[in-house]
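The values are calculated or read from the model by the stated rules, or taken from the named source; none is laboratory data. Everything numeric in this text was worked out from a predicted model, so none of it was measured. Reconstructed Cβ throughout: ideal geometry from the backbone, glycine too, with neighbour counts over all protein chains shown. Heads up: the accessible areas ignore ligands, DNA and RNA and are worked out on the full protein's heavy atoms, side chains in. Shrake-Rupley method; radii C 1.70, N 1.55, O 1.52, S 1.80 Å.
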Amino acid sequence: MRSVSKNLIQTILIQFPTILFGLVGGIFSARMLGPEGKGVYALLYTNMEILSMLFGFGITLGINYFVASKKLSGQKVAGMSLGTIILSSILVFALVFLSPNKLNLLFPEGHDALFFRCYLFFSFYMVLVNRIIVAFLNAKLRFKVVNRVTLFSAGLSMIILTTTFLLKDSMGWS
């Protein structure tokens, strides 16, 4: 019981800097992108979340259940996870890159260029892989590692957004 409360307290404490990093990064990204750019980003982000929810096929729930209960070996679940990543990537790739522009509702009008398509696809891929890794860590009760990964990811995102914002004028980006 003591380790449960320790992990819970640590997770709650990690959430404060994670939220703060997200807030700071969000401010810099909003100032850098402007209202229209922030709206386009929000739509792309929402579509990426929907794609990962639909094409994740509930693999994270399965990982948590089967690895934690030891009903299947970790290697078998890892193989199924890899299969899910490959199948999902193929399906999302086809949806993002091969569907006709007029039928593709994933992109705001005028924002279906190759850059936006690549951004959506790679964001989907990275989120799916990240969620699968975190699911394995959670199933193995490695909460300390999950908290560190969460904090590192949020801190890195804030640093990248802040640095980009501060350097955008000196680099000639508008």
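Size of the chain: Rg and Dmax of its alpha carbons, in Å, are 18.7, 57.
Within the accessible surface of the chain, defined with a 1.4 Å probe on protein heavy atoms only, the carbon and sulfur portion equals 72 percent.
Once the 1.4 Å probe is applied to the protein heavy atoms, the range 21-140 comes out at 60 Å² accessible per residue. Taking the chain as a Gaussian network of alpha-carbon nodes connected by springs under 10 Å, the highest mean-square fluctuation of the residues Asn47, Asn138, Asn104 belongs to Asn104. Computed from Cα positions, the angle between helix 59-69 and the longest principal axis of the chain comes to roughly 20 degrees. Cross-link partners for Lys71 among the lysines, with Cα-Cα distance under 21 Å and sequence neighbours closer than 8 places in the same chain left out: Lys140.
Alpha-carbon geometry of the range 7-78: the Rg and the Dmax are 17.9, 50 Å, given in that order. Put a plus charge on the Cβ of each Lys and Arg, a minus charge on the Cβ of each Asp and Glu, and nothing anywhere else: the dipole of the chain about its Cα centre is then about 960 debye. Our note on the geometry: Cα centres of the range 110-174 and the range 11-48, 11 Å apart. Whole-Hz Karplus values for the range 85-90 come out as 4, 5, 4, 5, 5, 5 Hz, taken residue by residue from phi with 6.51 cos²θ - 1.76 cosθ + 1.60 and θ = phi - 60°; glycine and proline positions read x. Couplings 3J(HN,Hα) for the range 24-35, derived from phi with the Karplus relation 6.51 cos²θ - 1.76 cosθ + 1.60 (θ = phi - 60°), are 4, x, x, 5, 5, 5, 5, 5, 6, 7, x, x Hz, where x marks Gly and Pro.
For the range 8-13, 3J(HN,Hα) computed residue by residue from phi via the Karplus equation (6.51, -1.76, 1.60; θ = phi - 60°) reads 5, 5, 4, 5, 5, 5 Hz, glycine and proline entered as x.
In this structure, the amide hydrogen of Asn104, modeled 1.01 Å from its nitrogen in the peptide plane, lies closer than 5 angstrom to no residue at least 5 positions away or on a different chain. Measuring r between the beta carbons of Leu141 and Leu23 and using R0 = 35 Å, the FRET efficiency lands at 0.70.
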